[in-house]
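Step one of this worksheet: look at the structure below.
The values are calculated or read from the model by the stated rules, or taken from the named source; none is laboratory data. Since this is a predicted model, take the numbers as computed values, not measurements. Cβ placement follows ideal geometry from the backbone for every residue including glycine, while neighbour counts extend to all protein chains displayed. For accessibility, only protein heavy atoms count, side chains too; no ligands or nucleic acids. Shrake-Rupley method; radii C 1.70, N 1.55, O 1.52, S 1.80 Å.
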Amino acid sequence: MPKISKKGQQMPESPIRKLVPFAEAAKKRGTKVYHLNIGQPDIKTPEVALNAVKNTDIEVLEYSHSAGFESYRNKLAAYYQKQGLPVNTEDIIITTGGSEALMFAMGSTMDQGDEIIIPEPFYANYNGFSTASGVKVVPVISGIETGFALPPIADFEKLITDKTKAILICNPGNPTGYLYSKEELSQLAALVKKHDLFLIADEVYREFAYDGYQHFSVLNEPEIAENAIMIDSVSKRFSMCGARIGCVVSKNKDFMAAAMKFAQARLSPPTYAQIASEAALDTPQSYFDDVITEYKDRRDTLVHALNAIEGVTVANPKGAFYCIAKLPVENADDFAKWLLESFDLNGETVMLAPASGFYSTPNVGLDEVRLAYVLKKEDLITSARIIEAALKVYKK
């Protein structure tokens, strides 16, 4: 029998999706499942984006430019400029989701066996993208006791070797919701400048900042214009996860030329999704104001409810729509599976994402879960009540 590649065997399972069969089985038994495991917003997609697709009259569904529609890139550059970012049309390549943008970034900056330093916990698919690219993840641990703030720069510096090519951050963070300060970004900027590294920033949650905190982009650091690579996406900003449209942005012309070759190899990003994404840029500010208010209320609701549960510790997120909670269990994977297989409260249960899958360091985060507060507030309150009841009867 033909053998699967080592790379295929090493590709990690998604901690967000691996429990889906158990959730499906629970639903077939008639149990209602509240999905706190995945960042799929329930906020309505802007009508202007949906109408743009409905009203498009296309007779031949052609390839687009490999870099994406020029009209979309022009409009996107103007959007970034309004946010004070020095982005021009030629600095942007449209990608099939932020995922492809990350793959382009890794493929263009790293060779087989090179290393990338990432603060953990981090978006679980970074492990998968790194494995697919033949790149080694070198983690630097942040902790719940600091709210998952940036680890000391000295912790980064001692990990840098001649194989290190980049540092990757998510800002605001998935799965932690942590929002890096301007001072923290400046520290990272000085580090990558000193060691001649790339700083890749996944900024897909840039709009989601709470309590008066402000998002600072990696592109706000002019002294590292040649080092900085920004990853972005429409998925969360416009509640358009299914569009699969993202982009990679950089002022480094050599990097962009390399990324363009990857873009050409996959031909072009999807046409209808680009039409929707371009139109979405006309979404009024009131849409975002309402969304931010709603997510802040949801955050406050969930964090308050979790903090009221005995033995539970939760880091209060400053951005995005996730939080990490430490539970009084030995193995959150087992607990999450048990919730779907063996527990319900009045015919209802919850689906959680075990946080160990957001670490690359073995045996870290075993008692933690990631929760996405993308449900309405009453559902979040019910979910917390289910978790509290479950912890009382769960055998560690």
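Data for the structure
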{"quantity": "Residue under evaluation Gly98, criteria (1) of a type in the set (Gly, Ala, Ser); (2) modelled with pLDDT of 95 or more; (3) over 17 Å from the mean Cα position of the chain (by Cα), criterion not met", "calculated": "(3)"}
{"quantity": "Scan of segment 16-32 for residues that are among the basic types (Lys, Arg) and surrounded by 18 or more Cβ atoms within 10 Å (Cβ to Cβ), ordered by number", "calculated": "Lys18"}
{"quantity": "Of all residues in segment 1-13 being open to solvent by less than 100 Å² (accessible area, probe 1.4 Å) and out of contact with any helix residue (DSSP H, G or I) (no Cβ under 7 Å at 6 or more places or on another chain), the one that is farthest from Gly357 (Cα to Cα)", "calculated": "Ser5"}
{"quantity": "Residues located in segment 33-69, provided they are in contact (Cβ under 8 Å) with a residue 24 or more places away in the chain, more than 30 Å from Ile16 (Cα to Cα) and open to solvent by 80 Å² or more (accessible area, probe 1.4 Å)", "calculated": "Leu61, Glu62, Tyr63, His65"}
{"quantity": "Condition broken by Ser235, with the remaining ones in (1) in contact with a Cys (Cβ under 6 Å, 6 or more places away or on another chain); (2) open to solvent by 40 Å² or more (accessible area, probe 1.4 Å); (3) of a type outside the set (Asp, Glu) satisfied", "calculated": "(2)"}
{"quantity": "Count of segment 70-108 residues which are outside any helix (DSSP H, G or I) and either open to solvent by 10 Å² or more (accessible area, probe 1.4 Å) or closer than 15 Å to Arg266 by Cβ (or both)", "calculated": "8"}
{"quantity": "Unique match (being charged (D, E, K, R), in a helix (DSSP H, G or I), out of contact with any Ser or Thr (no Cβ under 6 Å at 6 or more places or on another chain) and open to solvent by 10 Å² or more (accessible area, probe 1.4 Å)) among Glu223, Glu207", "calculated": "Glu223"}
{"quantity": "Residue identified as in contact (Cβ under 8 Å) with a residue 24 or more places away in the chain and charged (D, E, K, R) among Asp300, Asp367, Asp289", "calculated": "Asp367"}
{"quantity": "Options Ala308, Ala325: the member that is of a type in the set (A, V, I, L, M), in contact (Cβ under 8 Å) with a residue 24 or more places away in the chain and touching a strand residue (DSSP E or B) at 6+ places or on another chain (Cβ under 7 Å)", "calculated": "Ala325"}
{"quantity": "Test: residue in segment 170-180 that is under 19 Å from Glu221 (Cα atoms), open to solvent by 30 Å² or more (accessible area, probe 1.4 Å) and either part of a loop (DSSP other than H, G, I, E, B) or touching a residue at least 24 places away in the same chain (Cβ under 8 Å) (or both)", "calculated": "no"}
{"quantity": "Single match in Asp114, Asp202 (criterion: surrounded by fewer than 22 Cβ atoms within 10 Å (Cβ to Cβ), among the charged types (D, E, K, R) and either over 23 Å from Cys323 (Cα atoms) or in contact (Cβ under 8 Å) with a residue 60 or more places away in the chain (or both))", "calculated": "Asp114"}
{"quantity": "Condition check for Glu341: buried (at least 18 other Cβ atoms within 10 Å of the Cβ), out of contact with any Leu (no Cβ under 7 Å at 6 or more places or on another chain) and modelled with pLDDT of 95 or more", "calculated": "no"}
{"quantity": "Whichever residue in segment 238-275 is outside any loop (DSSP other than H, G, I, E, B), open to solvent by 10 Å² or more (accessible area, probe 1.4 Å) and of a type in the set (Gly, Ala, Ser) and, among such residues, is nearest to Pro41 (Cα to Cα)", "calculated": "Gly242"}
{"quantity": "So Lys158, is it open to solvent by 10 Å² or more (accessible area, probe 1.4 Å), charged (D, E, K, R) and within 22 Å of the chain's Cα centre (by Cα)", "calculated": "no"}
{"quantity": "First in segment 131-146 and on the phi > 0 side of the Ramachandran plot, second anywhere and surrounded by fewer than 19 Cβ atoms within 10 Å (Cβ to Cβ), Cβ under 8 Å, 6 or more apart", "calculated": "Gly134/Lys7; Gly134/Asp111; Gly134/Gln112; Gly134/Gly113"}
